[in-house]
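Step one of this worksheet: look at the structure below.
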Amino acid sequence: MKVVVFSSFTFTYLNRARVLFQTLAEFHPDWERVALITDEPPPGFVFDPSDEPFHRVVWASDLGIEAFDAWLFKHDVVEVCTAVKGPFIHQACASGADVAIYLDPDTALFGPLDPLLEHLADQDIVLTPHLIDPNDDPLAILDNDVAASRTGIFNLGFVAIRTSGEGARFARWWNERLLQFCYDDIPNGLFVDQRWCDHVPALFDRVKVLRDPGYNVASWNLSRRKVTVEKDGRITVNGQPLRFWHFTKLGPMGDVMTRRYARDNHPVYEIWNWYRARVRAATDPAMPERWWAYETYADGSAIEKAHRVLYRQRPDLQAAFPHPFEGGYQQWLAENAS
C-alpha cells in the first residue's frame, strides 16, 4: 500500500516541519513525505530539499490554481496554508497513492500510525475531534468546548483518506470549498478549513470519527487526557499509546494553556521540553523570524489584512488588478483611501 503524508507550511515553520518529518521517518520510513510550501526562500537562506527529511517539495504555485497571484493575495498566511491542502489532497487521489494523510507541521509522532491503515481498510475518511470527552469545569468549557464550537468540531491538523470512493469524493468537495471559502471569518461561519468538516459526517459515508485519546493530543484536550510514562518507557494517554502530539502555539500562548490544563501531569512538560529542544536543533540561524515572501507588495510595503479582504470582496478590483502584488492595486488603494 502506498501512503503519502504531507504538511503545509511556510519557511518560518520549516524547523517544526523538520521535526515532524524526522519523527515520521523513524516510524514509517517507507511512507512518502511531502512538503507543501506556499513561500519563497528568504534572501541569504540556502534551501536544498535533498538535505531535508522529506522526499519532495510541492510548491503551491505549481498546484495549477487558476489566477494564482490573485487567489493567493486574497489570503493571509494561515488562510493560504490551509487552503492549499484542498488542491493537494484532491490531486493526490490521482497520483497513485492509496492513502493520503495530512499532518500540521507543528506535530510530532511518538508511535506508529499503523492503526490508521486498519481503520481505512473499511472506512474512507478519518477525522479527530478537538474533544472526545465533555468538560465539566466552567473555564475548560469556555476555553475548549465553546472554542471548538466556533472553530470547528474536528481539528484539521490531521486528516486521513483513502484516495478512492468516499475519500476521493471528500477530497474533491474539500478542494472546491477551500479554493473559494478558506477564510478566517468566524462571524460569517468560516474558520479556514475546519468549519467545513463539521458537515462531513452528514455528507459522506464511511467516515471514522477517531476517539482514541492517543491521537492529536494538544492543549485544548489536556483537561481530559492523562499522560503517563510507563515503567517500560512507553508514553500512554488515558491508557492508550501516544501516537502524535500537536504542539500548537509554541510560545507564551501554548505555555499558558498547557500549564492551565496539564497542572501536575509532569510528563506533559517533559514532552514539551523535548519538542522545544528538537525545534531549536532544527532551526537555521539564517532564517528570519516570521518570514513570509507574500506578506509585502513588490516594493516591500506591508500588505494589510484589510487590503486582502477588500480585494477578495470586489470582483471589479480582481479584474482590474490580476497581479495585485505588483503595485497597481496598491496605488489604487492610496488614491481611493477614505
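The values are calculated or read from the model by the stated rules, or taken from the named source; none is laboratory data. None of the values given here were measured: they were computed from a predicted structure. Don't worry about glycine lacking a Cβ; one is built from the backbone with ideal geometry, like all the others, and counts go over all protein chains shown.
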Next on the checklist: Here's a check for you: in segment 115-160, which residue that is acidic (Asp, Glu) and in contact (Cβ under 8 Å) with a residue 12 or more places away in the chain is surrounded by the fewest Cβ atoms within 10 Å (Cβ to Cβ)?
Outcome noted: 122
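Each row is one residue, and each column tells you yes or no for (1) over 22 Å from residue 127 (Cβ atoms); (2) free of Cβ contacts under 8 Å to residues at least 12 places away in the same chain; (3) of a type in the set (Val, Ile, Thr).
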| position | (1), (2), (3) |
| --- | --- |
| 227 | yes, no, yes |
| 241 | no, no, no |
| 265 | yes, no, no |
| 270 | yes, no, no |
| 274 | yes, yes, no |
| 278 | yes, no, no |
Checklist outcome for this item: Going through (1) surrounded by 15 or more Cβ atoms within 10 Å (Cβ to Cβ); (2) in contact with a Ser or Thr (Cβ under 9 Å, 6 or more places away or on another chain); (3) hydroxyl-bearing (Ser, Thr, Tyr) one by one, residue 95 fails only at (1)
Item to check | Lone qualifier among 26, 32 - being buried (at least 17 other Cβ atoms within 10 Å of the Cβ) and either of a type in the set (Ser, Thr, Tyr) or modelled with pLDDT of 95 or more (or both) | outcome: 32
Checklist entry - Do we find that residue 80 is within 14 Å of the chain's Cα centre (by Cα), surrounded by 22 or more Cβ atoms within 10 Å (Cβ to Cβ) and aliphatic (A, V, I, L, M) in this structure? => result yes
Checklist entry - Which pairs have Cβ atoms under 7 Å, sit 6 or more apart or on different chains, and link a residue in segment 47-62 that is more than 18 Å from residue 283 (Cα to Cα) to one that is surrounded by 13 or more Cβ atoms within 10 Å (Cβ to Cβ) and among the β-branched types (Val, Ile, Thr)? => result 55/34; 56/34; 57/37; 58/34; 59/37; 60/37; 60/38; 60/84
Next on the checklist: One residue is enough: does segment 281-288 have a residue meeting the conditions in a helix (DSSP H, G or I) and at pLDDT 95 or above?
Outcome noted: yes
Checklist entry - Got a sec? Which strands (runs of 3 or more DSSP E) wholly within segment 138-254 have at least 3 residues that are under 16 Å from the mean Cα position of the chain (by Cα)? => result 158-162, 244-246
Next on the checklist: Go through segment 161-220 and report how many residues are closer than 17 Å to residue 83 by Cβ, of a type outside the set (Asp, Glu), in contact with a strand residue (DSSP E or B) (Cβ under 9 Å, 6 or more places away or on another chain) and surrounded by fewer than 17 Cβ atoms within 10 Å (Cβ to Cβ).
Outcome noted: 1
Item to check | Residues satisfying the stated conditions in segment 236-257, i.e. surrounded by 15 or more Cβ atoms within 10 Å (Cβ to Cβ), of a type outside the set (D, E, K, R), within 26 Å of residue 53 (Cβ to Cβ) and out of contact with any Pro (no Cβ under 7 Å at 6 or more places or on another chain) | outcome: 241, 242, 244, 245, 246, 247, 248, 250, 254
